[in-house]
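Take a look at this one; I'll ask things after.
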Amino acid sequence: MTTDLLSPFKLNDSIELQNRVLMAPLTRCMSDDNLVPTQAMVDYYARRADAGLIISEATIIRPDSQGYPNTPGLFTSEQIQGWKKVTDAVHEKGGKMFAQLWHVGRVAHPHFFGGDVLAPSAIGVEGSVPRMRELTYVTPKAATIEDIQGLIADYAKAAENAIEAGFDGVEIHGANGYLIDQFLHFAANQREDQYGQTPENMSRFALEVVDAVVAVIGADKTALRLSPGAYFNMTESDGDKAVFDYLLPALETRNLAYLHVGIFDDSMRFASLGDKSASEYMRGAYKGTLVGVGSYSFESANQAIDNNQFDLIAIGRPFIANPDYISKVKNGETLTPYSDEMLAELI
Ligand code: FNR
């Protein structure tokens, strides 16, 4: 039987989505200089309210989380009020929206906040900040236990702020080589304390963040994005799979709203995951609701869900090019192809 991606899907007892097509989190670097969402962002998200769930662009939890210009925040009252306008507009049009909570860890840049760059270990990345190439990455400071406790508390505070801002829940950004992902991979985590060396220790930060967020807003409103295969600002190590083999069953017991694959192209296979794709590996190790993503068309996503590869699909670049993505696929209309030049403007 063919799954109808455009029919409703119950995430849990409190959240029902109008369809199975999510708008993927998409950083646009368009907030104002106080990292407050603008009216153009209100209109941009409202135009996409017919998605099953909009996941906001990654939103920083505190100043030292920032690694790109004009990425929005959720730590000042002005930012909370700015996001309230976005969520009100989305809700008015019948949509639902989660905030993606972000700390970039070692790819933060002091240019934005003027302090230490925190990471699991003092291992930097090569290169410079996208869109601001004159800013070369610095060697981070290995977070102390006190730093780690502060970070966990600030994820929980940002989740509380997200609910105050009217979001229906949060997706913790644990993917794509950022802070939480840095704890989960040997290439970035060489700690010798209770946060390093073994799968249980390396999973500890991710689980403590999840538990702190769940304690404040509830598991039904909490989701997590993960990249078990290292592919962005991170390199693969043989031991990575053992970390995720420990983490995924532990997450299953938390009854989260969903788990989301973090990848650009889900046809990519990882030697460190036993030559599997990220979604294939995650489906095998996790029994809860899984959101797939990564270069899928509506048709190929439908096929993948029919094949039980995941339960919901997130669509990224096609949603940048087509604010009316849902109505176009519903009516069988041709989609406008995405191109990188489209990032210059919020349509
Ligand atoms: C992204 N992606 C991304 N992922 C994330 O977790 N948080 C983010 O803020 C962003 N920002 C972002 C910006 C832009 C311009 C692109 C193209 C991508 C990744 C995104 O959510 C998705 O995983 C990929 O785009 C793959 O899906 P599509 O585009 O092939 O449907």
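The values are calculated or read from the model by the stated rules, or taken from the named source; none is laboratory data. Keep in mind that this is a model prediction, so the values were computed, not measured. Methodologically, a virtual Cβ is constructed for each residue, glycine included, from the backbone with ideal geometry; neighbour enumeration extends over all protein chains shown.
Tally up the residues in segment 55-91 that are among the hydrophobic types (A, V, I, L, M, F, W, C) and in contact with a Lys or Arg (Cβ under 6 Å, 6 or more places away or on another chain), please.
So the count comes out to 1.
Moving to a separate point now. Going through segment 246-298 one residue at a time, which ones are away from the ligand (no atom under 16 Å from the Cβ), in contact with a Lys or Arg (Cβ under 6 Å, 6 or more places away or on another chain) and part of a loop (DSSP other than H, G, I, E, B)?
The answer is Asp275, and nothing else.
Assuming Phe232 fulfils every condition listed in (1) part of a loop (DSSP other than H, G, I, E, B); (2) in contact with a strand residue (DSSP E or B) (Cβ under 7 Å, 6 or more places away or on another chain); (3) within 15 Å of the ligand (Cβ to nearest atom) apart from one, which condition is it?
(2)
Please specify each residue of segment 87-113 satisfying the condition of being in contact (Cβ under 8 Å) with a residue 60 or more places away in the chain and assigned to a helix (DSSP H, G or I).
Thr87, Asp88, His91, Gly105, Arg106, Val107
I'd like to verify a number: residues in segment 207-229 that are among the small types (Gly, Ala, Ser) and either surrounded by fewer than 23 Cβ atoms within 10 Å (Cβ to Cβ) or touching a Lys or Arg at 6+ places or on another chain (Cβ under 6 Å) (or both), how many?
The number of residues fulfilling the criteria is 4.
Quick one: in segment 327-343, of everything that is touching a residue at least 24 places away in the same chain (Cβ under 8 Å) and within 14 Å of the ligand (Cβ to nearest atom), which residue is surrounded by the fewest Cβ atoms within 10 Å (Cβ to Cβ)?
Checking each candidate, the answer is Leu343.
Residue by residue, here is whether (1) within 26 Å of Gly127 (Cα to Cα); (2) modelled with pLDDT under 95 holds:
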site	(1), (2)
Thr3	no, yes
Ile15	no, no
Thr38	no, no
Met41	no, no
Tyr44	no, no
Arg47	no, no
Arg62	yes, no
Gln66	yes, no
